[in-house]
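**Student:** Dumping the structure here so I can ask a few things about it.
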Amino acid sequence: ITHGYEEAGLTGDILVETAITTDEVRLTLVDSAIPFDPRSHNRPGADDLGRPAQERQIGGLGVHLALESVDGFEYEHRDGRNRNTLIVNRGTTN
C-alpha cells in the first residue's frame, strides 16, 4: 500500500478475494497501483538477512517474507490491475 499508492502519489482501493478448497487456501490482493511483479525484483540475500536491521539495505524484506511464507505465489497484471495470489496448501490429517 505504501509503495504502490502513497509513494506513487496515487489513491485506490484494494480488493481481497479468498478461495478455500480441500487442498489449498488462496488469498488474492487486487489493486490499481502501478504494475509490480514482486518476483521480478531483487530480494535480500542470506548475507543481508544475517545483518542487524540498521545495517541492511532498505527494501525487499516484506516481499521476501511473504513469498517465503507461502507454498505458492502467482502474479498477473490484467485490466489495469495487479493480482497477487498467495497460496497455502492445506495439510491433511489421517
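The values are calculated or read from the model by the stated rules, or taken from the named source; none is laboratory data. A quick note: this is a predicted structure, and the numbers were derived from the prediction, not measured. When we count neighbours, we look across all protein chains shown, and the Cβ atoms used for this are built from the backbone with ideal geometry, even at glycine. We work out accessible area using only protein heavy atoms, side chains counted, and drop any ligands, DNA or RNA first. Shrake-Rupley method; radii C 1.70, N 1.55, O 1.52, S 1.80 Å.
**Student:** What is the distance, in nm, between label points placed 7 Å from the Cα along the Cα-to-Cβ direction at Ser40 and at Glu55?
**Tutor:** Placing both labels 7 Å along Cα→Cβ, they lie 3.4 nm apart.
**Student:** What residue among Ala53, Ala19, Ala33 shows peak mean-square fluctuation when the chain is described by a Gaussian network model with Cα springs under 10 Å?
**Tutor:** Largest GNM mean-square fluctuation: Ala53.
**Student:** A further question follows. Per residue, how large is the accessible surface of the chain? Use a 1.4 angstrom probe and give square angstrom.
**Tutor:** Accessible area per residue: 74 Å².
**Student:** Using a 1.4 angstrom probe and counting only protein chains, how large is the accessible area of Val70 in Å², to 10?
**Tutor:** Val70 has an accessible surface of roughly 30 Å² with all protein chains in place.
**Student:** Could you give the nm distance between label points at Ala66 and Ile14, where each point is 7 Å from its Cα heading toward the beta carbon?
**Tutor:** 0.7
**Student:** In whole Hz, what ³J(HN,Hα) sequence does the range 71-84 give by Karplus (6.51, -1.76, 1.60; θ = phi - 60°), x for Gly and Pro?
**Tutor:** 7, x, 8, 10, 9, 8, 10, 9, 6, x, 10, 7, 10, 10
**Student:** Leaving out ligands, DNA and RNA, and with a 1.4 Å probe, what % of the accessible surface on the chain is carbon or sulfur?
**Tutor:** Details: 3460 of 6920 Å².
The value for the chain is 50 percent carbon and sulfur by accessible area.
**Student:** Here is a further query. Keeping all protein chains in place and using 1.4 angstrom, which order do Ser32, Ser40 fall into by accessible surface area, from largest down?
**Tutor:** From most accessible down to least: Ser40, Ser32.
**Student:** Using the scaling law 2.2 N^0.38 Å as the reference, what is the normalised Cα Rg of the chain?
**Tutor:** Dividing the Cα Rg of the chain by 2.2 N^0.38 Å gives 1.25.
**Student:** Taking θ = phi - 60°, what integer Hz values does the Karplus form 6.51 cos²θ - 1.76 cosθ + 1.60 yield along the range 36-46, in sequence order, with x for Gly and Pro?
**Tutor:** 8, 9, x, 6, 8, 10, 4, 10, x, x, 4
**Student:** Then there's this: To the nearest 20 Debye, how big is the dipole of the chain about its Cα centre, given +1 on the beta carbon of each Lys and Arg and -1 on that of each Asp and Glu? Could you put the intermediate results ahead of the total?
**Tutor:** On the way: 9 positive and 16 negative charges, 18 e Å.
About 80 debye.
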